[in-house]
Amino acid sequence: MLILLPPSEGKSSPRRGKPLALDGLSFPVLTDARRTAIDALVDLCSTRPPAEAARTLGLGPTQTDLVEADAALESAPTARADAVYTGVLYEALDLASLETAARRRATAWVAVTSCVFGLVRPGDRIPAYRLSPQVTLPALGTVSAHWRRHLAPAVDEARGKGLVVDLRSGSYVPFWRPASGDRGVVSVRVMHEQGGKRSVVSHFNKATKGRIVRALLQDGSSVGTAARFAEQLRDLGWVVEADGSRLDVVVTDL
């Protein structure tokens, strides 16, 4: 099984740790694409005026500290990706508190989509960074288009013959799309139901996805089809409505 997660926008900046070592990351097939992305980001943030770089990155005029952090990307301290990524989804997932067997499954099953690194495993050591999928870097082009050209081999390597559980947010979907007719991929949408009406609410969506991944890692069962995955989620206590390879998980509260 391969569980694809989005990163968090906010990140915890490591205070100490070795600098980035690209050859130590998972998915070495992405090394050259990572180098290209890093060079383009560092070049923007270290050679352009901070205000101009901030505008290019979609940041506000008071966020030049994030520009400085991106400029120092290669020398900054690193930490495990599951400690760098923060926010609602990762708080609900809480990988650090899982038992040993579930943490081992996370190492094998979970991959986080990254604008800088393409895909990373929870244990990969990375620095904090700020880069969004829709940003166009002068020496790279649009971030999402860059990874669309390079990510497929890494996903194929990670998935093997198992099911891909796609929990990415919409802005990261263009990084990799399954081939037409690929029945080995299931996407999950979380719907909040209140007063008979349903909507997608970011907080419910992220928290529920984190809890789903945690439950899957604790359960340890690896299924091979969307239908069986829907049954697995129901067995784990969720209300699930299936439409082919897309599942709606319906929640009423946190």
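The values are calculated or read from the model by the stated rules, or taken from the named source; none is laboratory data. This one's a predicted model, so the numbers in the text were calculated from it and none came from an experiment. Here the Cβ positions follow ideal geometry from the backbone for every residue, glycine too, while neighbour counts run over all protein chains shown. Just the protein is used for accessible areas: all its heavy atoms, side chains included, with ligands, DNA and RNA removed. Shrake-Rupley method; radii C 1.70, N 1.55, O 1.52, S 1.80 Å.
The table below gives the values:
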| quantity | calculated |
| --- | --- |
| Compactness of the stretch 31-83 - radius of gyration and Dmax, Cα, Å | 11.8, 33 |
| The stretch 153-216: trypsin sites (Lys or Arg not before Pro) in DSSP coil with no more than 15 other Cβ atoms inside 10 Å | 161, 183 |
| Per-q log10 I(q)/I(0), the stretch 71-167, q = 0.10, 0.23 Å⁻¹ (Debye; single scatterer per alpha-carbon; no solvent) | -0.31, -1.39 |
| Positive-end residue, the chain charge dipole about Cα centroid, Cβ charges, pick of 190, 227, 14 | 227 |
| Alpha carbon convex hull of the stretch 138-208, projected area averaged over orientations, nm² | 7.0 |
| Rounded to whole Å, sorted largest first: equivalent-ellipsoid semi-axes of the chain, Cα gyration tensor | 31, 19, 18 |
| Whole-percent pair-distance distribution, where bins are 5 Å wide, for the alpha carbons of the stretch 123-254 | 2, 9, 16, 19, 19, 16, 11, 6, 2, 0 |
| Of all DSSP beta bridges in the stretch 107-238, antiparallel share, percent nearest 5 | 75 |
| Point-charge dipole on Cβ atoms (K/R +1, D/E -1) for the chain, about Cα centre, debye to 20 | 200 |
| With Cα atoms, 0 to 90° folded angle of helix 202-219 axis to the chain main axis | 70 |
| Beta bridges per DSSP with both ends in the stretch 1-151, % antiparallel, nearest 5 | 75 |
| q = 0.35 Å⁻¹: log10 I(q)/I(0) that the Debye formula gives for the stretch 141-181, counting C-alpha atoms only | -1.28 |
| Shape of the stretch 31-120, Cα gyration tensor, a/c cut at 1.5 | prolate |
| Percent antiparallel among DSSP beta bridges (both partners in the chain, rounded to 5) | 50 |
| Principal axis dimensions, largest first and in whole angstrom, of the stretch 62-105 by Cα | 40, 23, 12 |
| Interatomic Cα distance distribution for the stretch 178-254, bins of 5 angstrom, percent | 3, 15, 25, 26, 18, 10, 3, 0 |
| Relative contact order computed over the stretch 1-108 (Cα-Cα under 8 Å; 6+ residues apart), in percent | 40 |
| Order of exposure, largest accessible area first, which applies to 113, 142, 136 with probe 1.4 Å | 136, 142, 113 |
| The stretch 45-109-the stretch 1-29 distance, computed between alpha-carbon centres (Å) | 8 |
